[in-house]
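**Student:** Below is the structure I would like to discuss, written out as structure tokens.
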Amino acid sequence: MEAIARCDAERLEVERSRVAPHIGEKMTVPVYSVASRFASWERLIRRMEPGWDGDDFYPISAYDNDLGSRDALDQAMRALPEEAGEGPLGQLLARLDARFRAATRPDPELSLRPWVRPTTERPEEELGEWWKRKPVRVPWAD
């Protein structure tokens, strides 16, 4: 929990630095906390799973953002002590990733790349697997 608090404190400082001082003073928790990243990842997965019948608008750019949240989770997990990755938090991420794999299929042609691009410049082989898969049930086509 201490390591997560440190990650969130660092993120809060980044977010505060991007707004006017009088607004930053009022910010007490980061918008993009570790918990919110987990929630974002889970919401995306639910959208792609069979049985989801939501009628809210979900553009492909939101998919791009949600994959970016998964990148941030990867960074946060690497910053935590090793035992955290093996504990409940790591187990939760493993379950969510398994659900993601079940709701997607490999995309060796990178067919979504014209619309879905990582925000960081890295070679394709360094990207997480989530960037190389495509939804079986496309959430932005409903």
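The values are calculated or read from the model by the stated rules, or taken from the named source; none is laboratory data. Just so it is clear, the model here is predicted, and its values are computed rather than measured. Here the Cβ positions follow ideal geometry from the backbone for every residue, glycine too, while neighbour counts run over all protein chains shown. Quick note on the areas: whole protein, heavy atoms, side chains included, nothing else; ligands and nucleic acids left out. Shrake-Rupley method; radii C 1.70, N 1.55, O 1.52, S 1.80 Å.
**Student:** Enumerate the whole-percent occupancy of each 5 Å bin, from 0 to the last occupied one, for all C-alpha pair distances of the chain.
**Tutor:** Spelled out per bin, shortest first, that is 2, 9, 17, 20, 19, 15, 11, 6, 1, 0.
**Student:** Could you work out how much longer the chain between residue 105 and residue 35 gets when fully extended? Use 0.36 nm per residue separation minus the Cα distance between them, nm to one decimal.
**Tutor:** Stretched fully, the residue 105-residue 35 segment lengthens by 22.6 nm.
**Student:** Taking the solvent-accessible surface of protein heavy atoms with a 1.4 Å probe, what is the per residue accessible area of the chain in Å²?
**Tutor:** 62
**Student:** Name the residue farthest towards the positive end of the dipole of the chain from the options 33, 67, 110, assuming +1 on Cβ of Lys and Arg, -1 on Cβ of Asp and Glu, about the Cα centre.
**Tutor:** The residue sitting farthest along the positive end of the dipole is 110.
**Student:** Also, quick follow-up: Test of the criteria: in segment 29-67, which chymotrypsin sites (Phe, Trp or Tyr not before Pro) are in a DSSP loop and have at most 14 other Cβ atoms within 10 angstrom of their Cβ?
**Tutor:** Counting only loop positions with at most 14 other Cβ atoms within 10 Å, the chymotrypsin sites (Phe, Trp or Tyr not before Pro) in segment 29-67 are 52, 57.
**Student:** Continuing with this model, one more query. Where the accessible area of the chain is counted over protein heavy atoms with a 1.4 Å probe, how much of it, in %, is carbon and sulfur?
**Tutor:** Roughly 55 percent of what the probe reaches on the chain is carbon or sulfur.
**Student:** Stretch residue 17-residue 74 to full length: gain in nm at 0.36 nm per residue minus the Cα-Cα span?
**Tutor:** Working it through step by step, the gained length comes to 18.2 nm.
**Student:** P(r) of segment 68-142 in 5 Å steps, Cα pairs, percent per bin?
**Tutor:** Once binned at 5 Å, the Cα pair distances of segment 68-142 give 3, 13, 22, 24, 18, 13, 5, 1, 0.
**Student:** Report, in deg cm²/dmol and to the nearest 500, the calculated mean residue ellipticity at 222 nm for the chain, where each DSSP H run with n ≥ 4 adds -39500 (n - 2.57) and the sum is divided by the residue count.
**Tutor:** My calculation for the chain gives -16500 deg cm²/dmol from helical runs alone.
**Student:** Any chance you could run the full-extension gain for residue 42 through residue 94? It's 0.36 nm times the residue separation minus the Cα-Cα distance, nm to one decimal.
**Tutor:** Between residue 42 and residue 94, full extension yields an extra 17.6 nm.
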